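The values are calculated or read from the model by the stated rules, or taken from the named source; none is laboratory data. Small disclaimer: the values here were computed from a predicted structure and weren't measured. Glycine gets a Cβ as well: all are built from the backbone with ideal geometry, and neighbour counts include every protein chain shown. Please note that ligands, DNA and RNA were not included when accessible areas were found on the heavy atoms of the full protein model with its side chains. Shrake-Rupley method; radii C 1.70, N 1.55, O 1.52, S 1.80 Å.
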Amino acid sequence: MTKRNPCLLLFLILTYFTVHGQGTETFTNVPTASGTSYITRNWTGDDGSTWEATHSRTSSATFTTSGQGIGINDDKANAYVESGTISGGIGNLTLTVKQIFSGSNSGSVTVYINGASVGTVPYNNTEEGITTTINGINQAGDFVIRVANDIGGSSGGGDNRVAIDNIIWTAYSPSTPTISFDSSASSETETDATFNTSIPITLSNHDTDVTISVTVDGSSTAETSDYTLNTSSLVFDADETLSVSLDINDDADSDNETIVLNIAVISGTADTGTSQHTITIIDEDLPQIVITEIMYNSSGTDDEWIEIFNANGASVDISNWTIDYGSSPTTFTFPESTTIADGEYITIACGSNGDGTFNNDNPFTPDQNNLSVTNANVATTSSTNYLGNSSGTITLKSSGGSTIDTVIYDDGDVSSTDGDGPSYEIIDVAANNTSTDSNWQASAFNGGSPKKVSTTTWLGSTNNDWDISTNWSTGIPNSNSDILIPNGLINYPTASGAVTMNSVTMNSGASVIAQSTFSGTMIYNRNIPTTNWYLISSPVVGQDIDMFVATEGLASGTGNNIGLGDYNNTTPEWEYYQNGTSGTGDFISGDGRAVLLTATGNITFTGTLYTSDVDISITDATGSGGNTFNLVGNPYPSFIAANNSADATNNILKVNDIDNDYL
């Protein structure tokens, strides 16, 4: 029977094994003269060495799938097929064996490397035979392969005559133990609670037990309070994968951070593969950067600006952040390497020189003086109003597109300074101020009369007394001060009497205690970290519902449904705000709602602080086919304690499901 391996396939096989230090013997070159006789045969093998087969025949030694093999008798001692000397070492060996002629149908042959047995290979009486691999031979240097049919027996021909084909071997592979992180990097998204993550490490080619140390590298940017390393060492007693346990804690800032882990062998012997792993912690909290002021000039011939303020508690890189504004709208992009420090204002010029530059008629120099106009519909004449008109929407977005803050400017009063909007709004300020003091900020304008505004941050260095100067970054604030209360402090300010200031910005988790009634406009930002449904209520008085729907990026549902839901326990069902609705009025203090956004980001409530008790009626609609669920919200900007213990009169607090999303 002719060998069925095509020449091209054989060439590719030979090339592959030559390049990779491996080899094969297909018995293509075995001499077939006197094919029915059991004789010694010699030939040049596929690997180039001289092969020998004793007590061998070629007739009846073919395979249905691979063609010509070599037949070995079983009635003589010392019957085998053997290679010449092969260099490069051997890893594993594979061959195919079958019984020829009739007989007991099964048995095995023995494989030797350099005269030492490395295993046996079974056979049966099928035409394709049995293909077997002997793994882990792993012998370096020169070697000789012998496959022996060590049966002995008489000279009459027995049941255990075999045919052998396609001997294949892999290259020698060093077996030095190696220990390594499975990957060099991973990422986790921070949540509002501590959670655990596991980092796998694998030992291969185990020889002796290996102990490694696990440490945090000094290049990590995460603070030590942001994580807990639960694993300081690991012991490997086999080829196995073990894991480092790491707790990720919620932190107060909004920066992405890294935890860099190192491993080192401290007992036993092993090479180190990937010895360092970096976990990137993605912060789900959006930075507290707020739009604090806008300036609009109806004539279109004077300066206009937008001001933002960092209330985050730390510096924030705002490179490639954008501000969308105007009716078209127009987009301003912050340049690369732009950072706003904690407690710092940045003013963005929206001047109307025709080229987007600031006229600088007012007594301060803007931080961003050249506006990158990306809307081709914006005219470039001296009468351009870059903010569009006397009312509009301004949206601050991160470089990733998340909405950081959104405001609608002017509520209809365009004749003078308007401090009733979500930001401090200045309308048509006369450009009659000549001061060149660089400390004058946009926030200095109040009804057309400039005031020098100081910015100070609460430190709490000494105690919680408002009237101690060392508790503040620039001394005790006054009525012209913009103050910042960061979070994560031990002491928070307490004022024993009335205090007046220009503005107060409080980070999430901060607090102020003042023995007086609060007055003034409050802006409350709540972060919505996913696009699932969330339960909310207004923490201020006077937030118009229609305005809230128009500005907060709520999702659209089927029909005219908008992602603001109110629970009706009489029906019982969720009732959704309808597109095009008007005249809804303000949120009711203590009335809970469900909200669904199209994208993650802050939702903003603007109004005044509720300073008295709030009564909410709780209804039981079971008698009319409803249920007892009531959605009650917190009407204040700080947390309140709730009774969650079940007794005869108070049911345990529950959360009902909305549209199959967990709330």
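For ASP271 and THR40, what does the FRET efficiency come to when R0 = 56 Å and r is the distance between their Cβ atoms, rounded to the nearest 0.05?
The value I calculate is 0.75.
So for the pair SER233, THR530, with labels modelled 7 Å out along Cα→Cβ, what separation do we get in nm?
4.0 nm
Ordered by packing density, taken as the mean number of other Cβ atoms within 10 Å over each peptide's residues, highest first, how do 221-230, 91-100 rank?
Averaged packing, sorted descending, gives the order 91-100, 221-230.
Quote to one decimal, in nm, the extra length available between THR622 and ASN568 on full extension: 0.36 nm per residue of separation minus the C-alpha distance between them.
Extra length from THR622 to ASN568 when fully extended: 18.2 nm.
Ignoring everything but the protein chains, give the 1.4 Å probe accessible area of GLU573 in square angstrom, nearest 10.
Answer for GLU573: close to 90 Å² accessible.
Where does the Debye-calculated log10 I(q)/I(0) of segment 212-268 sit at q = 0.12, 0.14, 0.28 Å⁻¹, using only Cα point scatterers of equal weight, no solvent?
-0.35, -0.45, -1.22
When ranked by the protection proxy of mean other Cβ atoms within 10 Å per residue, highest first, what sequence do the peptides 27-36, 54-63, 191-200 form?
In descending order of packing, they fall as 54-63, 27-36, 191-200.
Using only C-alpha atoms and all pairs of different ones, pull out the Kirkwood radius for segment 74-195 in Å with one decimal.
The answer is 17.2 Å.
Quickly work out the ALA264-to-THR94 label distance, labels modelled 7 Å from Cα along the C-beta direction, and quote it in nm with one decimal.
Going from the THR94 label point to the ALA264 one covers 4.4 nm.
Give me Rg/Rg_expected for segment 584-635, where Rg uses Cα atoms only and Rg_expected = 2.2 N^0.38 Å with N residues.
1.47
Can you tell me the mean projection area, over all orientations, of the convex hull of segment 121-247's alpha carbons? Units nm², please.
Reported value for the Cα convex hull: 14.8 nm².
May I ask you to give the average projected area over all directions of the convex hull of the Cα atoms of segment 512-591, in nm² rounded to one decimal?
Answer in nm², one decimal: 7.4.
5 Å is the cut-off here: which amide hydrogens, built 1.01 Å from N in the peptide plane, fall below it relative to LEU631, excluding neighbours closer than 5 in sequence?
Here the answer is none, since no amide H 5 or more places off falls under 5 Å of that of LEU631.
Carbon and sulfur together cover what percent of the accessible area of segment 580-639 at a 1.4 Å probe radius?
Looking at segment 580-639 in its full context, I get 51 percent from C and S.
For a Förster distance of 22 Å, can you work out the FRET efficiency between the beta-carbons of SER187 and THR598, rounded to the nearest 0.05?
0.35
Would you please state the base-10 log of I(q)/I(0) at q = 0.13, 0.21, 0.22 1/Å for segment 177-277, with intensities from the Debye formula using one equal scatterer on every alpha carbon?
Values returned for q = 0.13, 0.21, 0.22 Å⁻¹ are -0.47, -1.02, -1.09.
With labels modelled as points extended 7 Å from the Cα through the Cβ direction, what inter-label distance (nm, one decimal) is found for THR584 paired with SER117?
Distance between label points: 8.6 nm.
Radius of gyration and Dmax for segment 458-519's Cα atoms, expressed in Å?
10.6, 28
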